[in-house]
There are 2 protein chains.
Amino acid sequence: MAKPPFTNDIRTLRFLAGEMTQGDLGDRVGVTRQTIAAIEQGKYSPSLEVAFRIARCFDKPLEAVFQWSDDAD
Amino acid sequence: MAKPPFTNDIRTLRFLAGEMTQGDLGDRVGVTRQTIAAIEQGKYSPSLEVAFRIARCFDKPLEAVFQWSDDAD
DNA sequence: ACTCTATGTCGAATATTTTTAACATTGAGT
DNA sequence: ACTCAATGTTAAAAATATTCGACATAGAGT
């Protein structure tokens, strides 16, 4: 289960969005708090659908939440 | 296996990118041609990593390739 | 010290994506 | 008519994401 080649700003965005907890975000996205925790820590690559839903919770474009960071192509 | 709440322009982008075939794109992305075909037809929601790699093949931001289209939320 | 909430983590179960191999169709070129 | 490349499709297996339940820790407030 290799770590994904991108980083994310979920943790920061949660706090900027008024101390939103992992559980809150999970509820709004429709996944569990464990899933949010794992994605936040880059443990795996979420589905595009979940990624979209997270971005929409913050009213941000996808790429404001997830940033590609692979050196290779 | 519900269809994902977004559309994509992969087919168009392939042709704009010089008649790139599903197989070519699959090779560049690192997945099989069947996977490209399934994503192109909206059969399921790819991983964020695959979505990013596809977008990068076309030098486009993710949201130029995949467009959220859910009425709910 | 106690309690609560938020978070980290883990193992096992379930769901979804991706692969592989195979066969069918269509259109272009010869 | 034949061939070949591109695509559609399908079933089964493999890989990966997600859930669920549980337990641990750290910090804030009382």
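Bear in mind these aren't lab numbers, they're just calculated from the coordinates by the rules spelled out. Please read all numbers here as calculations on a predicted model, not as lab measurements. Every residue, glycine as well, gets a Cβ built from its backbone with ideal geometry; the counts of neighbours run over all protein chains shown.
Overview of results
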read-out: Phi-based couplings in Hz for the stretch A:41-55 (Karplus 6.51, -1.76, 1.60; Gly and Pro marked x); value: 8, x, 6, 7, 8, x, 5, 4, 4, 5, 4, 4, 5, 4, 4
read-out: Cα→Cβ-extended label distance, 7 Å offset, between B:T32 and A:L16, nm; value: 4.1
read-out: Other copies of B:K60: label-to-label distances in nm, shortest first, labels 7 Å along the beta-carbon direction; value: 2.3
read-out: Long-range amide H partners of B:N8 with built H, under 5 Å; value: B:Q67
read-out: Per-copy distances of the B:K43 label point, shortest first, in nm (7 angstrom along Cα→Cβ); value: 3.0
read-out: 7 Å along Cα→Cβ, label-point gaps from A:G23 to other copies, nm, shortest first; value: 5.4
read-out: Integer Hz, Karplus 6.51/-1.76/1.60 couplings in order for the stretch B:62-69, x for Gly and Pro; value: 3, 6, 8, 9, 10, 10, 4, 8
read-out: Global form of the stretch B:7-61, assessed from the alpha-carbon gyration tensor, a/c cut-off 1.5; value: rounded
